Amino acid sequence: MTLDADLAVLGLGAAGSSALWRSATRGADVIGFEQHTPGHAHGSSHGHSRLFRTALVEGPQYVALARHAQRLWRELERADGTELLTLCGGLFLGPADGRILPPILETIAAHDLPHETLTTAQVRSAYPQHAIEEDTVGVLDPGTGVLRAEAGIRAAVRAAVGQGARVRTGEQVLAVTPGERGVEVRSTGPEGERTWRFGRVIMATGAWTAGLLPELTVPMRVRRTLLTWFRAPEPEQFGPERFGVFLHEADGYLAWGAPALEGHGVKVGLHDLPAPAVADPSHNPLEVDPAEWAEVARWVSRRLPGLDATDVRAEGCMYTHTPDEAFSIGTPRAYPGVVLAAACSGHGFKHATAVGDAAAALALDEEPAVDLTPFSPDRFG
Ligand SMILES: Cc1cc2nc3c(=O)[nH]c(=O)nc-3n(C[C@H](O)[C@H](O)[C@H](O)COP(=O)(O)OP(=O)(O)OC[C@H]3O[C@@H](n4cnc5c(N)ncnc54)[C@H](O)[C@@H]3O)c2cc1C
């Protein structure tokens with residue numbers, strides 16, 4: 001039985017575009033499949049920007065991945081000739097004994113990361129844009145910044161094609177079936193339905209993964225989330241030089257935000273805003289009912305009073321969660337020949353180049369650059 005290519009990458013979002021690039025860089029004969037076009041707005045990777053953080057609230061186990069990812073983002077910038085990552089610094093705010101500062105300080109201590117701690121008075125004086133409570137203190141992380149999301153995905157696909165990868169856009173994968181000699185992929189696209197055979201397959205289908213691989217033992221829960229931008233009447237107060245990226249634990253929420261950049265307003269989100277489950281990722285509306293962002297606007301009017309909380313632009317998006325919020329990278333027992341690069345639980349964009357690189361290494365029988373033990377797809381079953 002002849003193969004159509006040694007390797008296929010299914011899904012060219014954040015993880016898949018990187019996996020395609022890292023596979024092509026290794027000289028693999030690889031084809032990428034994407035149901036839309038790379039950089040589209042119907043998955044989990046649209047909305048101009050994503051935060052890049054090194055002093056990670058998610059724990060010290062992600063630092064090696066973030067550092068490797070940063071090296072690769074820089075390599076991709078050189079390959080593409082575009083700026084993708086701007087390290088403008090980040091301010092993490094909350095009670096000293098709250099939900100975010102203790103794990104951030106643990107990550108900083110474990111990896112001896114450069115940082116600065118700020119008292120309540122110092123935060124108020126240096127960052128008056130934030131209205132903080134009396135018990136709120138700050139940690140400054142110079143290793144934090146902003147990634148251009150769609151631009152990064154398109155750059156990775158361009159770099160992959162430049163290294164010989166083939167890409168099929170508008171091609172929807174219908175089924176993935178491991179067999180004796182390789183993996184069978186059924187798809188439908190501009191040329192109709194077709195069955196392909198590959199030596200190995202990297203699955204980077206984000207929120208759609210559980211539907212395509214029903215025997216996975218890692219539970220994946222997809223929920224709706226929002227991207228919301230607020231207008232700054234005094235934009236110079238909220239640019240990357242004066243404002244930076246932030247996380248702020250206040251009023252029962254973990255809020256995150258990015259400065260006004262390249263014509264976009266200040267981006268603010270509430271990570272734990274209750275939101276409905278997404279039954280079918282292909283039908284999660286991009287349009288947002290104002291009732292959905294009302295709570296974000298209330299938070300903004302309390303905590304970022306310099307923004308106009310009535311002037312909002314919003315888009316729908318999706319998080320794919322696992323019970324431990326950790327990624328799933330590796331070959332699940334139920335699907336030999338398939339390497340999973342998935343379930344990035346709302347914090348995966350920054351790591352996407354490293355996740356794609358790890359998946360490419362595994363698919364090509366190389367040793368991944370980082371320890372993937374915490375991300376085993378079989379850790380739940
Ligand atoms: C609102 C929001 C804010 C976030 N903020 C941050 C942040 O600040 N920092 C951070 O690091 N992370 C952040 N994240 C998380 C991060 O964006 C995601 O973890 C990451 O983008 C997921 O990438 P992915 O490749 O897994 O999924 P996607 O980028 O969605 O890619 C999956 C791709 O597979 C394609 N696909 C699916 N099924 C098929 C099929 N059957 N056939 C062909 N193609 C298919 C899809 O069309 C899509 O292009 C945020 C997420 C959201 C939603």
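The values are calculated or read from the model by the stated rules, or taken from the named source; none is laboratory data. This one's a predicted model, so the numbers in the text were calculated from it and none came from an experiment. Cβ sites come from the backbone with ideal geometry, for glycine too, and all protein chains shown count toward neighbours.
The listed residues are GLU241, GLU262, GLU315, and the only one of them that is in the same structural domain as ALA131 (by TED's automatic domain parsing), under 19 Å from the mean Cα position of the chain (by Cα) and under 20 Å from ARG148 (Cα atoms) turns out to be GLU315.
Taking the condition outside any strand (DSSP E or B), under 22 Å from HIS351 (Cα atoms), in contact (Cβ under 8 Å) with a residue 40 or more places away in the chain and of a type in the set (A, V, I, L, M), does ALA131 pass? Spelling it out, it is not the case that ALA131 is outside any strand (DSSP E or B), under 22 Å from HIS351 (Cα atoms), in contact (Cβ under 8 Å) with a residue 40 or more places away in the chain and of a type in the set (A, V, I, L, M). Considered as a group, the residues in region 129-142 that are under 25 Å from the mean Cα position of the chain (by Cα) and buried (at least 21 other Cβ atoms within 10 Å of the Cβ) include one that is nearest to GLY252 (Cα to Cα), and that residue is GLY138.
Given the criteria farther than 23 Å from ARG50 by Cα and either away from the ligand (no atom under 14 Å from the Cβ) or at pLDDT 95 or above (or both), does VAL312 qualify? Full working, then the answer.
Working: farther than 23 Å from ARG50 by Cα: no; either away from the ligand (no atom under 14 Å from the Cβ) or at pLDDT 95 or above (or both): yes.
It is false that VAL312 is farther than 23 Å from ARG50 by Cα and either away from the ligand (no atom under 14 Å from the Cβ) or at pLDDT 95 or above (or both).
Exactly one condition in (1) farther than 16 Å from LEU10 by Cβ; (2) within 15 Å of the ligand (Cβ to nearest atom); (3) out of contact with any Pro (no Cβ under 6 Å at 6 or more places or on another chain); (4) not in a loop (DSSP other than H, G, I, E, B) is false for HIS264; which is it? For HIS264, the exception is condition (4).
Listed conditions (1) surrounded by 23 or more Cβ atoms within 10 Å (Cβ to Cβ); (2) within 14 Å of the ligand (Cβ to nearest atom); (3) not basic (Lys, Arg) are all met by THR188, apart from (1).
Is region 210-220 home to any residue that is closer than 28 Å to THR2 by Cβ and crowded, with 21+ Cβ neighbours inside 10 Å?
Among the residues of region 210-220, at least one is closer than 28 Å to THR2 by Cβ and crowded, with 21+ Cβ neighbours inside 10 Å, which makes the answer yes.
Would you check if TYR335 is aromatic (Phe, Trp, Tyr), in a strand (DSSP E or B) and touching a strand residue (DSSP E or B) at 6+ places or on another chain (Cβ under 9 Å)? Let's see the steps before the verdict.
On the way: aromatic (Phe, Trp, Tyr): yes; in a strand (DSSP E or B): no; touching a strand residue (DSSP E or B) at 6+ places or on another chain (Cβ under 9 Å): yes.
In short, no.
Set side by side, the residues SER49, SER18 differ, and just one is within 13 Å of the ligand (Cβ to nearest atom) and closer than 30 Å to ARG181 by Cα, which is SER18. One residue stands out among those in region 328-374 that are in contact with a Lys or Arg (Cβ under 6 Å, 6 or more places away or on another chain) and within 20 Å of ARG200 (Cβ to Cβ): the one that is farthest from the ligand (Cβ to nearest atom), which is LEU364.
Working only within region 267-282, note down all residues that are at pLDDT 95 or above and either away from the ligand (no atom under 13 Å from the Cβ) or not in a helix (DSSP H, G or I) (or both). Don't jump to the end; show me each part of the working.
Narrowing region 267-282 to residues at pLDDT 95 or above: 267-270, 277-282.
Once the filter is applied, which keeps residues that are at pLDDT 95 or above and either away from the ligand (no atom under 13 Å from the Cβ) or not in a helix (DSSP H, G or I) (or both), region 267-282 yields LYS267, VAL268, GLY269, LEU270, ALA277, VAL278, ALA279, ASP280.
When the residues of region 167-191 are filtered to those that are in a loop (DSSP other than H, G, I, E, B) and free of Cβ contacts under 8 Å to residues at least 12 places away in the same chain, the one that is nearest to LEU340 (Cα to Cα) is GLU180. Across region 25-39, the qualifying residues are those that are within 6 Å of the ligand (Cβ to nearest atom) and in a loop (DSSP other than H, G, I, E, B), and the one among them that is surrounded by the most Cβ atoms within 10 Å (Cβ to Cβ) is GLN35.
For ARG124, the requirement of being within 19 Å of LYS350 (Cα to Cα), surrounded by fewer than 16 Cβ atoms within 10 Å (Cβ to Cβ) and out of contact with any helix residue (DSSP H, G or I) (no Cβ under 8 Å at 6 or more places or on another chain) is not met.
Regarding region 79-93, can at least one residue be identified that is free of Cβ contacts under 8 Å to residues at least 60 places away in the same chain, within 18 Å of the chain's Cα centre (by Cα) and crowded, with 17+ Cβ neighbours inside 10 Å? Reasoning before the result, please.
Initial filter on region 79-93 (free of Cβ contacts under 8 Å to residues at least 60 places away in the same chain): 81, 87.
Filter again for within 18 Å of the chain's Cα centre (by Cα), leaving 87.
This time we only want the ones that are crowded, with 17+ Cβ neighbours inside 10 Å, so: 87.
Yes, because at least one residue in region 79-93 is free of Cβ contacts under 8 Å to residues at least 60 places away in the same chain, within 18 Å of the chain's Cα centre (by Cα) and crowded, with 17+ Cβ neighbours inside 10 Å.
Return the residues of region 365-381 that are of a type in the set (Ser, Thr, Tyr) and free of Cβ contacts under 8 Å to residues at least 40 places away in the same chain; say none if nothing qualifies. Hit for region 365-381 is THR373, nothing else. With respect to the conditions (1) farther than 30 Å from GLY381 by Cα; (2) away from the ligand (no atom under 13 Å from the Cβ); (3) surrounded by fewer than 17 Cβ atoms within 10 Å (Cβ to Cβ), ALA297 lacks only one, and its number is (3). Checking each residue of region 116-125 against the condition of being in a helix (DSSP H, G or I) and over 23 Å from ALA258 (Cα atoms) gives no match. All conditions but one from (1) farther than 22 Å from ALA360 by Cα; (2) modelled with pLDDT of 95 or more apply to ARG22; the one that does not is (1). Taken together, the residues in region 235-268 that are in contact with an Asp or Glu (Cβ under 6 Å, 6 or more places away or on another chain) and closer than 15 Å to PRO305 by Cα amount to 0.
Filter region 196-254 down to the residues that are among the hydroxyl-bearing types (Ser, Thr, Tyr), assigned to a loop (DSSP other than H, G, I, E, B) and within 16 Å of the ligand (Cβ to nearest atom) and list them by number. Let's see the steps before the verdict.
Initially, region 196-254 is screened for residues among the hydroxyl-bearing types (Ser, Thr, Tyr), giving 205, 209, 217, 225, 228, 253.
Next, only the ones that are assigned to a loop (DSSP other than H, G, I, E, B) stay: 205, 217.
Within region 196-254, just THR205 meets the criteria.
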